[in-house]
Structure formats: structure tokens, C-alpha cells
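The values are calculated or read from the model by the stated rules, or taken from the named source; none is laboratory data. Values in this document were obtained by computation on a predicted structure and should not be read as measured data. In this analysis, Cβ positions are derived from the backbone assuming ideal geometry, glycine residues included, and neighbour counts consider all displayed protein chains. Protein only, heavy atoms only, side chains kept; ligands, DNA and RNA dropped before computing areas. Shrake-Rupley method; radii C 1.70, N 1.55, O 1.52, S 1.80 Å.
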Amino acid sequence: MNIFILLSAVSLCLAGAAGAIKQMHMMQQNSYYLSRYFKWLSEESDFGFYARTALGVIVALLFMVKWYAVAFIICLLFAAFCLYKNIKEQKKAIKPLVFTQRIIRTFSLAVALLLVSTALFALVQNTVVKIVAVTLCYILGIFPELLTAASFIIMKPAEKAITKGFINDAKKILRSNRHLKIIGVTGSYGKTSVKFILARILSEKFNVLATPQSFNTPMGVVRTVREKLRPQTEIFVCEMGAKNVGDIKEICDIVNPTMGLITSVGEQHLETFKTLENVCSTKFELYDAVKKNDGKVFANINSAPIYERQGRGADIIGYGTKDGAVALAENIVYSAQGTTFEVVLENERINLSTKLLGAHNVINITGAVALAKELGVKNEDIAFAVSRLEQTQHRLELKPFKNGSVMIDDAYNSNPEGCLEAVNVLSRFKDSFKVIITPGLVELGEREYDVNYSLGAAAAKAADVIIAVGKKRSEPIVKGAKEAGFKNENLFVAESFKNALEIFEPFAKSGTVLLVENDLPDNYLK
């Protein structure tokens, strides 16, 4: 056995392990769905694939002519490059890889596959086995996409069994608390904000647990129940997210909600939902689950699909600013201190003030107030809680920024209506120099181009400077802005958010307001 062939195999294994971290990062950001991961791969630049293929051919030719030492040096340099590139990418990643137990298990399997291949080559004397083993090292090391996909496929049965065990444990915990009220919150947008608002108001009277951050997947909900639910918990506010028909039902089957709140139905995740009707049906899976428990469902009738569904006889308690709402927000006044308004509910008026910005927050609070009243929270307690509401992180969050400038951080906003409302909020900052940084919106299917074009056109009317992120992705934003008459010299295209902030630097001073609108994860930035 030539020592340089073995060292070349070891080097390629190191390269494969380093490359697998990047691939698992992308798998995680695609929610562990192989179909979405493969779609992301298909949209990636082909240069890297062709370059690695060429390297593989060169190494193979060097093996054939027995230039083993040269082949080893190339493989070692390739491994060092992969390791350096991965460390660099993870440092600058918007949302770095989270080493969950699932990722640790799958990565361990990937490393094991590489080690077994190397061991077979080093220890087994059979020529055929040696050839197969070194070929595996060669392929898996140069193409970590194959290593990652194979590891996830092999682990799938085990992960399914682990998931089932966790779900059953969560169900058992929920059943053991017979007096627990479970409130499901879903919607195309606004659900995280409403969840936090509702939890804050209800905490004036009850011991409340809410799913943290954006824990709105089945396993996020299960983890919350298993780790945070206590016997003294009286109300569990459960955020429910969805990207496919049946996703809300899956969560409802776990938690069995007794009340529900639907914040909106809109053009989000159309890439997987395909139609708005599918989105609406999925959100109303919460309605179906709550009605089985004879519970009440509150819904935002400012959202047209919900208003239409209500008109078709759905038994919901409507809230919003639209005529016909059971809980109606009126007399809305915006100022530098925030917002004041009234909620009319059951022939009484509740005067409220909040630091939160935007019409959508008024509607979100109105829905939470309606549900809290149903559970017996007093008006004065509601008013106190609303006055103490803090801006949700990355959702129209107003905060100081560089050199005396101010940032409106709306990085977690990813829906068409919300983005336009954020641009509208920016436009209200009179006598200020206004800048917007945005990569646009994703997962809107055929509507994606038109929505981002409209965002560009709206930004052109509200901002003095537009910085679009992603050379390819920004095309409809740039076109929309230009065709709305925006000046070319104030329109920039950045490769990344880091680059966008560098472009913003000269504008950062007192009197400047920066809107950061939607901070896309790394798998979308191209």
C-alpha cells in the first residue's frame, strides 16, 4: 500500500467533513426537507461543482501515472481550502448552523462513513475492497452534497422513531395538566407578534407559557412542552407555522388547542402551498381543531381571505379596523411616542396606548385584547399590559444605530403586506434622510417577481437611498424603483448584508433613518 494514496484518502475525508458542515447548514435552513435542499443545490452556481470535478479528474490522472506525492499535496491543499472556506462562511453567516442533536447525530454518521471508507482501504488486503474504499473517499470527499444526502437518508428511520418518542412524551405532559388552556396562534404573518402580545396581556391574570422566539414547527412546540411546561402553568400560547397543507393539523394533533387566533391569510410560502386557497385552508385547520373542542376562534377580518371565509358561515369572532368586527379598533393616532387607539368590544370602549408602530400592530393588539376579555382579564389590566409592550425583536423595532442614525429593524418581516407597511412607516419620518436595505421576499412562487417589483416601487416613493441585497435576487426591486422614477445614483446593489452596511456607512449620521426590511437566510442570498 502506497502511503501517499492513504494520506490522499485521509485528506479527502477531511475535505468531505468540512464540506458537510456547509451542506448540513443548508439542509437545516431548508427545514431538513431533501426536496428543498436539492432545489437549493440546483439553483447554486455550477462553477464550484465543475471546479471540484476538474480537481477530481486531475487527482485520478495523477494516481494513474503514479505521481502519488503530487496527488497527496493537491488533496491536502484542497482539504485546507475547504476547512478555511467553511470557517469563513460560518463566521459571516446570517444564521449560523445550530448544532442540534439531529445535526450532531447526522454529522457523526457522515464522519463515520468517511472513517470506515479510509479504514477499509488501509486495513483490508482485498484489491476490490481497496478500490471501492478509496473511490468512496474520493467521491464523498470531493462531493460532500452526496455525503450529506446519504447521511440524512440513512438516519431518516432513526430520526422518525426519535421524533415519535418526543411527541408522545409531549402529549403525555399536556394530558397530565387537565386544567391547562391551550391557545393556538397561526397566520401567514403576525403570529409571533400576536403570541408575545397575548402572552403579556394574559400574564396579568394567569401563569402563562408561550413558545419562545419562532418555535412554531411540530418539534419546536414539542421541545417547548417537554422543557418548559410546568404543573402550575395555566395557559399555553402555542405559535403554529406552516409551509404545506396539513402542517397546522399536525401541530393541533399534538397540543389539542381549546382556543384559537388566526392573524392573517396572505401570499406567503406559495412555492409550497401553490394557491392562496391552500394557504387559507391550512390556517383554518386550527379553526377545525378548536371547534372539535367547542372552543372559540378569533380572526383578523382585515385579511380579505378570512373576511370571505367568515361570509361563508365560518363561526369566528372577527377583529380589526373593518366594519363588522366584533372587536373594532378606532380613533387611531400615531406620534413619535407610539400609538393611541380605542378597542370597541361588547358596547364598551377600552382606551389603549402603546410604543409599537404600524397599523398591523394595532390590529394585532385588538385581537389579543378580544381573546383576553373572553378569558376574563380586566380592562385596566389590559391597558397596563399594552402600555408596557416592548417592540418585538426584528419586527419594526426602533433602535439607535451608527453615528447617531436610527434603525427600524424589520428583519423578520417576510410577507408582502407587512413589508409595504414597513415602507409606509419609514415614509412617516418627516424631515429625515431615509435609507432602506432589503433583499426582497421569497417563497412566493409565481408572484415573487411582481411582489418584489412592487416593493421596489414603494421604496422609491419613501426612501432617499435604496440598497438592494443580492445581485440576481434584487433585479425586480431595482426595476420597480427605476420605473418609479428613482435616481440611479441613489440606488445600490450589495452582494451581502455586510456589504450593504458598508454602502450605508457614509449616510450614517444624526437625522438618518435606516429600514432593514427582511433579512433572508444564507440559502437565499445570491
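Things worth noting here:
- Of all residues in region 387-440, those satisfying the criterion of being touching a helix residue (DSSP H, G or I) at 6+ places or on another chain (Cβ under 8 Å), of a type in the set (Gly, Ala, Ser) and under 16 Å from Leu455 (Cα atoms) are Gly418, Ser427, Gly440.
- Hits in region 483-498 (condition: surrounded by fewer than 16 Cβ atoms within 10 Å (Cβ to Cβ) and modelled with pLDDT of 90 or more): Glu483, Ala484, Gly485, Lys487, Asn488, Glu489, Asn490
- Positions within region 353-381 being of a type outside the set (D, E, K, R) and touching a strand residue (DSSP E or B) at 6+ places or on another chain (Cβ under 6 Å), in sequence order: Ser353, Thr354, Val362, Ile363, Thr366, Gly367, Val369, Ala370, Leu371, Asn379
- Taken as a whole, the condition of being in contact with a Lys or Arg (Cβ under 6 Å, 6 or more places away or on another chain) and in a helix (DSSP H, G or I) does not apply to Asn424.
- A count restricted to region 213-240 and to residues that are of a type in the set (Gly, Ala, Ser) and modelled with pLDDT under 90 stands at 1.
- Test: residue in region 508-517 that is in contact with a strand residue (DSSP E or B) (Cβ under 9 Å, 6 or more places away or on another chain), touching a residue at least 24 places away in the same chain (Cβ under 8 Å), under 20 Å from Glu43 (Cα atoms) and part of a strand (DSSP E or B): no
- For region 206-248, residues that are closer than 25 Å to Asp169 by Cβ, within 20 Å of the chain's Cα centre (by Cα), without any contact (Cβ under 8 Å) to a residue 40 or more places away in the chain and assigned to a loop (DSSP other than H, G, I, E, B) total 7.
- Among the residues listed as Ser193, Ser203, Ser188, the single one being within 30 Å of Ala383 (Cα to Cα), within 28 Å of the chain's Cα centre (by Cα) and open to solvent by 30 Å² or more (accessible area, probe 1.4 Å): Ser203
- Taken over region 7-59, residues that are aromatic (Phe, Trp, Tyr) and closer than 25 Å to Met155 by Cα amount to 5.
- Qualifying positions in region 221-260 - closer than 18 Å to Arg102 by Cα, open to solvent by 10 Å² or more (accessible area, probe 1.4 Å) and not acidic (Asp, Glu): Arg223, Arg226
- Region 76-107: number of residues that are within 18 Å of Asp519 (Cα to Cα) and either of a type in the set (Phe, Trp, Tyr) or open to solvent by 90 Å² or more (accessible area, probe 1.4 Å) (or both): 3
- Residue that is modelled with the highest pLDDT [pool: residues in region 112-133 that are over 21 Å from Leu83 (Cβ atoms) and in contact with a Ser or Thr (Cβ under 9 Å, 6 or more places away or on another chain)]: Val132
- Residues satisfying the stated conditions in region 344-356, i.e. open to solvent by less than 50 Å² (accessible area, probe 1.4 Å) and either modelled with pLDDT of 95 or more or more than 12 Å from Phe196 (Cβ to Cβ) (or both): Val344, Leu345, Ile350, Leu352, Thr354
- Tabulated pairs, region 301-315, first among the β-branched types (Val, Ile, Thr), second open to solvent by 60 Å² or more (accessible area, probe 1.4 Å), C-beta under 8 angstrom, 6+ apart or interchain: Ile301/Tyr307; Ile301/Lys322; Ile301/Gly324
- Ala60 being under 30 Å from Gly220 (Cα atoms) and assigned to a helix (DSSP H, G or I): no
- Applying the criterion of being open to solvent by 10 Å² or more (accessible area, probe 1.4 Å) and more than 24 Å from Gly295 (Cβ to Cβ) to the residues of region 357-384, the residue that is modelled with the lowest pLDDT is Leu357.
- Condition check for Ile301: out of contact with any Gly (no Cβ under 6 Å at 6 or more places or on another chain) and either modelled with pLDDT under 95 or open to solvent by less than 50 Å² (accessible area, probe 1.4 Å) (or both): no
- Subset of region 15-44 (residues that are surrounded by fewer than 20 Cβ atoms within 10 Å (Cβ to Cβ), part of a helix (DSSP H, G or I) and over 18 Å from the mean Cα position of the chain (by Cα)): Phe38, Leu41, Ser42, Glu43
- In region 125-157, the residue that is nearest to Leu7 (Cα to Cα) out of those that are of a type in the set (S, T, N, Q) and free of Cβ contacts under 8 Å to residues at least 24 places away in the same chain is Thr135.
- Residue within region 146-154 that is closer than 30 Å to Tyr307 by Cβ, surrounded by 24 or more Cβ atoms within 10 Å (Cβ to Cβ) and of a type in the set (Val, Ile, Thr) present: no
- Scanning region 394-417 for residues that are crowded, with 17+ Cβ neighbours inside 10 Å and out of contact with any strand residue (DSSP E or B) (no Cβ under 8 Å at 6 or more places or on another chain) yields Tyr412, Ser414, Asn415, Pro416, Glu417.
- Taking the criterion of being among the polar types (S, T, N, Q) and either open to solvent by less than 60 Å² (accessible area, probe 1.4 Å) or assigned to a strand (DSSP E or B) (or both), the residues of region 322-343 that qualify are Asn331, Ser335, Thr339, Thr340.
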